[in-house]
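Take a look at the structure below.
The values are calculated or read from the model by the stated rules, or taken from the named source; none is laboratory data. Keep in mind the model is a prediction, meaning the values are calculated, not measured. Cβ sites come from the backbone with ideal geometry, for glycine too, and all protein chains shown count toward neighbours.
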Amino acid sequence: MFYHIPMIKELYEIRKLLFLSIPVGIISGILAVLFLYALDFSTSVFLEKLVGYYPPKPYGEGGDSVYAFYISHKYLLPFVAAFGGLIVGIMVYLLAPEAAGVGTDTAIKAFHYGLPVGLRSSLVKLLASAITIGTGGASGREGPMALIGAGIGRWIGDLLKLTRTEKNILLAAGLGAGIGAIFRAPFAGGILSAEVFYKEDFEVEALIPGFVASIVAYLVAGSFVGYQPLFKTDIPFPRFSAEEIAGYIVLGITSAFVAKFAVFVFYRVREFFKKLSIHPILKPALGGFLAGICGLFTPLAIGNSYGWIQFFMEGSFLYLSLTALILSIPLVIFSFSFTLASGGSGGVFGPSLVIGGITGATLSVLFNDLLGEAVFDPGTMTVVGMISVFTAAASAPLSTIVLVTEMTQGYNILPYALLSLVIAHNLAGYERTLFEYQLLNRLESPIHRDELKAYILRVAKVRDVMTRNVITLKPDSSVLEAKRIMAEKFIAGIPIVDENNRVVGIVTTSDVLKVDPEKMATTRVKEIMTPKPMCVLPDWNLLEVIRLFVNNGYGRAPVVLDFESMKLVGIISRADIARYLVRKGVV
């Protein structure tokens with residue numbers, strides 16, 4: 001386990017970042033509201049007026065239990081989605097290429113590699129994502145808001161000329177603020193600001209600023225759209241019967257396979273569009289058209305489909321049979337893959353929740369039919385499915401379970417959610433997630449390279465690095481012999497030892513060059529050596545050695561068994577330490 005070395009030590013710097021997290025949260029909250037308004041406007045213009053499809057909404061956004069599913073101009077759906085993709089392709093290609101695709105992944109990449117993501121990118125992402133979802137593309141809201149919030153954090157950092165570390169912390173805080181505001185889940189937003197960058201680690205320094213920014217963004221956005229949770233649920237407390245426990249174990253296993261299939265399809269579709277020989281502007285249009293085709297077979301593949309998930313939580317499946325539910329799982333996977341892998345704008349969290357919700361709802365219907373009675377609550381299975389699938393697909397278990405419970409207020413699902421989540425997460429593994437630039441841990445992140453060096457130097461011992469077969473000279477050896485050895489062996493320093501192999505001095509190239517060439521054969525090294533040189537012990541760590549070298553201007557030091565006997569056991573140099581760091585892959 002890698003224990004981080006704190007990057008922010010001064011209380012002033014901590015307070016500064018906490019203070020700056022407030023404006024990050026305020027601006028992110030305002031932009032979250034603008035995004036929701038833009039999304040509603042886009043949906044109204046394209047899906048409702050042109051296609052004649054009025055998507056259901058979750059209760060937190062004005063949804064109602066009374067709903068009649070109908071698409072008056074169904075044949076227009078692929079063309080409208082393609083038109084939206086064309087608009088997005090033009091916007092992204094001309095204004096901000098980084099606004100294409102999965103917004104959260106773009107923010108993760110910017111965090112690790114210090115790439116630019118600013119205010120313009122955020123605004124383009126806001127409009128492009130509203131158009132993508134509003135025209136029927138299967139995409140999520142969290143991607144846009146993650147990138148928008150991250151862009152705000154980075155923009156403020158650039159504006160105030162903060163350090164790279166401070167900019168990254170504000171970027172992470174902004175990412176969490178965007179999520180907290182758009183999903184009305186401030187606690188989860190704070191956790192996500194630290195968890196999403198790694199598969200099995202946390203960006204601990206971003207946690208508290210992330211909480212501050214996320215809570216502020218939630219308060220600001222809630223003042224316009226309300227503070228009620230996104231979904232309304234009435235989930236009963238688990239009965240912990242043998243049937244239910246077995247069912248949620250099966251749900252966890254199924255979620256892992258569904259998540260792995262989603263990841264596989266997404267990257268295969270992305271490879272297809274990368275190799276496709278058409279102009280980049282046209283690729284989102286083609287992706288939108290194909291996503292629209294999927295939407296012809298199931299309404300769950302159109303837009304974000306949160307309203308349909310709301311019905312599943314209530315145990316209402318409207319016109320969807322068990323067969324239709326089963327077929328909807330791959331159709332939604334292909335739809336969001338076509339939308340995002342082609343360059344459409346949005347996020348994978350929303351589609352993953354929908355896929356997970358369908359998976360849980362489908363199993364609840366299947367199990368209840370097999371058992372002949374309503375043993376499994378559809379709402380509970382739907383919510384647990386949402387958690388399990390996204391956790392397996394994105395490797396963010398803690399923030400996911402907190403986020404979904406905040407969105408649904410379904411705290412009674414936690415026992416079963418933890419059971420399914422652990423199974424799904426472990427079966428899916430860490431090999432590949434929906435976030436391409438999500439790294440395994442802090443050890444792999446370029447931004448922690450200096451921190452990693454310090455960690456390695458602190459852990460590694462001199463005995464691990466030193467040269468054991470040391471070339472030595474006796475005090476009565478000639479300077480000419482020392483010069484010859486240095487030239488032949490390409491070494492810059494030779495320890496001088498007595499007959500008992502005890503270090504009595506060291507002679508270096510600079511010492512030799514001070515001697516008249518004509519006198520080198522007759523001059524003894526004991527006359528020019530540095531007596532009683534600074535030595536190190538085998539169990540010293542490399543950080544201690546580096547400090548010794550830097551403070552005294554040394555390039556090498558003999559390694560002795562102990563300071564009493566001064567018996568030589570090796571030698572260590574700056575070059576030895578550098579080669580060790582190269583082997584560890586940090587330089």
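Would you point out the residue of region 509-565, among those that are under 16 Å from Arg463 (Cα atoms), out of contact with any Gly (no Cβ under 7 Å at 6 or more places or on another chain) and among the charged types (D, E, K, R), that is surrounded by the fewest Cβ atoms within 10 Å (Cβ to Cβ)?
The qualifying residue surrounded by the fewest Cβ atoms within 10 Å (Cβ to Cβ) is Asp539.
Among the residues in region 566-573, are any of a type in the set (Gly, Ala, Ser), surrounded by 13 or more Cβ atoms within 10 Å (Cβ to Cβ) and either assigned to a strand (DSSP E or B) or at pLDDT 90 or above (or both)? Spell out the reasoning first.
Within region 566-573, the first condition is being of a type in the set (Gly, Ala, Ser), and the residues that meet it are 570, 573.
Of the ones still in play, those that are also surrounded by 13 or more Cβ atoms within 10 Å (Cβ to Cβ) are 570, 573.
If we keep only those that are either assigned to a strand (DSSP E or B) or at pLDDT 90 or above (or both) as well, we get 570, 573.
Yes, region 566-573 contains at least one residue that is of a type in the set (Gly, Ala, Ser), surrounded by 13 or more Cβ atoms within 10 Å (Cβ to Cβ) and either assigned to a strand (DSSP E or B) or at pLDDT 90 or above (or both).
Here's the yes/no breakdown for (1) in contact with a helix residue (DSSP H, G or I) (Cβ under 6 Å, 6 or more places away or on another chain); (2) surrounded by 24 or more Cβ atoms within 10 Å (Cβ to Cβ); (3) over 13 Å from Ala32 (Cα atoms):
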{"site": "Gly140", "(1), (2), (3)": "yes, yes, yes"}
{"site": "Ile148", "(1), (2), (3)": "yes, yes, no"}
{"site": "Asp158", "(1), (2), (3)": "no, no, yes"}
{"site": "Leu171", "(1), (2), (3)": "yes, yes, yes"}
{"site": "Gly176", "(1), (2), (3)": "yes, yes, no"}
{"site": "Gly180", "(1), (2), (3)": "yes, yes, no"}
{"site": "Leu192", "(1), (2), (3)": "yes, yes, yes"}
{"site": "Lys199", "(1), (2), (3)": "no, no, yes"}
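How do the pairs read when you match residues in region 221-235 that are surrounded by fewer than 17 Cβ atoms within 10 Å (Cβ to Cβ) with residues anywhere that are part of a helix (DSSP H, G or I), using Cβ under 8 Å and keeping only pairs 6 or more apart or on different chains?
Phe224/Val33; Gly226/Gly60; Tyr227/Tyr218; Gln228/Tyr59; Gln228/Gly60; Asp234/Gly379
Quick one: in region 117-165, of everything that is among the basic types (Lys, Arg) and either farther than 23 Å from Phe46 by Cβ or outside the structural domain of Ile30 (by TED's automatic domain parsing) (or both), which residue is modelled with the lowest pLDDT? Show your work before the answer.
Here is the first cut: in region 117-165, the residues among the basic types (Lys, Arg) are 120, 125, 141, 154, 161, 164.
Next cut, either farther than 23 Å from Phe46 by Cβ or outside the structural domain of Ile30 (by TED's automatic domain parsing) (or both) only: 120, 154, 161, 164.
On the way: Arg120: 79, Arg154: 90, Lys161: 88, Arg164: 85.
Residue satisfying both the conditions and the ranking: Arg120.
Could you grab me the full set of residues in region 11-67 that are surrounded by fewer than 18 Cβ atoms within 10 Å (Cβ to Cβ) and in contact with a His (Cβ under 6 Å, 6 or more places away or on another chain)?
Residue satisfying the conditions is Gly52 alone.
Yes or no, residue by residue, for (1) assigned to a helix (DSSP H, G or I); (2) modelled with pLDDT of 90 or more; (3) within 17 Å of Leu473 (Cβ to Cβ):
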| position | (1), (2), (3) |
| --- | --- |
| Ile496 | no, yes, yes |
| Val507 | no, yes, yes |
| Leu548 | yes, no, no |
| Asn551 | yes, no, no |
| Arg579 | yes, no, no |
| Gly585 | no, no, no |
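Of the residues that make up region 98-106, is at least one surrounded by fewer than 24 Cβ atoms within 10 Å (Cβ to Cβ), touching a residue at least 60 places away in the same chain (Cβ under 8 Å) and out of contact with any Gly (no Cβ under 6 Å at 6 or more places or on another chain)? Explain how you work it out, then say what you get.
First, pick out the residues of region 98-106 that are surrounded by fewer than 24 Cβ atoms within 10 Å (Cβ to Cβ): 98, 105.
Keeping just the survivors that are touching a residue at least 60 places away in the same chain (Cβ under 8 Å) gives 105.
This time we only want the ones that are out of contact with any Gly (no Cβ under 6 Å at 6 or more places or on another chain), so: 105.
Within region 98-106 (the criterion being surrounded by fewer than 24 Cβ atoms within 10 Å (Cβ to Cβ), touching a residue at least 60 places away in the same chain (Cβ under 8 Å) and out of contact with any Gly (no Cβ under 6 Å at 6 or more places or on another chain)), the answer is yes, since at least one residue qualifies.
Here's the yes/no breakdown for (1) over 30 Å from Val422 (Cα atoms); (2) at pLDDT 90 or above; (3) surrounded by fewer than 21 Cβ atoms within 10 Å (Cβ to Cβ):
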{"site": "Phe240", "(1), (2), (3)": "no, no, yes"}
{"site": "Ile253", "(1), (2), (3)": "no, yes, yes"}
{"site": "Pro299", "(1), (2), (3)": "yes, yes, no"}
{"site": "Ile329", "(1), (2), (3)": "no, yes, no"}
{"site": "Ile333", "(1), (2), (3)": "no, yes, no"}
{"site": "Phe336", "(1), (2), (3)": "no, yes, no"}
{"site": "Ala341", "(1), (2), (3)": "no, yes, no"}
{"site": "Val348", "(1), (2), (3)": "no, no, no"}
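Can you pull out every residue in region 443-470 that is within 13 Å of Val559 (Cα to Cα), β-branched (Val, Ile, Thr) and surrounded by fewer than 17 Cβ atoms within 10 Å (Cβ to Cβ)?
To start, the set of residues in region 443-470 that are within 13 Å of Val559 (Cα to Cα) comprises 461-470.
Filter again for β-branched (Val, Ile, Thr), leaving 462, 465, 467, 470.
Result: Thr467, single match.
If I go through region 487-503 residue by residue, how many of them are in contact with a strand residue (DSSP E or B) (Cβ under 7 Å, 6 or more places away or on another chain) and buried (at least 18 other Cβ atoms within 10 Å of the Cβ)? Working first, answer last.
First pass over region 487-503, keeping only residues in contact with a strand residue (DSSP E or B) (Cβ under 7 Å, 6 or more places away or on another chain): 492-498, 501-503.
If we keep only those that are buried (at least 18 other Cβ atoms within 10 Å of the Cβ) as well, we get 493-497, 503.
Counting residues in region 487-503 that are in contact with a strand residue (DSSP E or B) (Cβ under 7 Å, 6 or more places away or on another chain) and buried (at least 18 other Cβ atoms within 10 Å of the Cβ) gives 6.
Sort out which residues of region 373-415 are closer than 22 Å to Leu434 by Cβ and over 24 Å from the mean Cα position of the chain (by Cα), and write them in order of number. So that I can check it myself, show each step before the final result.
Of region 373-415, the ones closer than 22 Å to Leu434 by Cβ are 382-408.
Within region 373-415, Thr382, Thr408 qualify.
Look at Ala424 and say whether it is in contact with a Gly (Cβ under 9 Å, 6 or more places away or on another chain), at pLDDT 85 or above, over 25 Å from Tyr59 (Cβ atoms) and outside any loop (DSSP other than H, G, I, E, B). Talk me through it step by step, then tell me what you get.
Values: in contact with a Gly (Cβ under 9 Å, 6 or more places away or on another chain): yes; at pLDDT 85 or above: yes; over 25 Å from Tyr59 (Cβ atoms): yes; outside any loop (DSSP other than H, G, I, E, B): yes.
When the stated conditions are applied, Ala424 passes them.
Name the helices (runs of 4 or more DSSP H) wholly inside region 163-265 in which the number of residues that are farther than 22 Å from Leu119 by Cα is 2 or more.
In region 163-265, the matching helices (runs of 4 or more DSSP H) lie at 186-195, 207-225.
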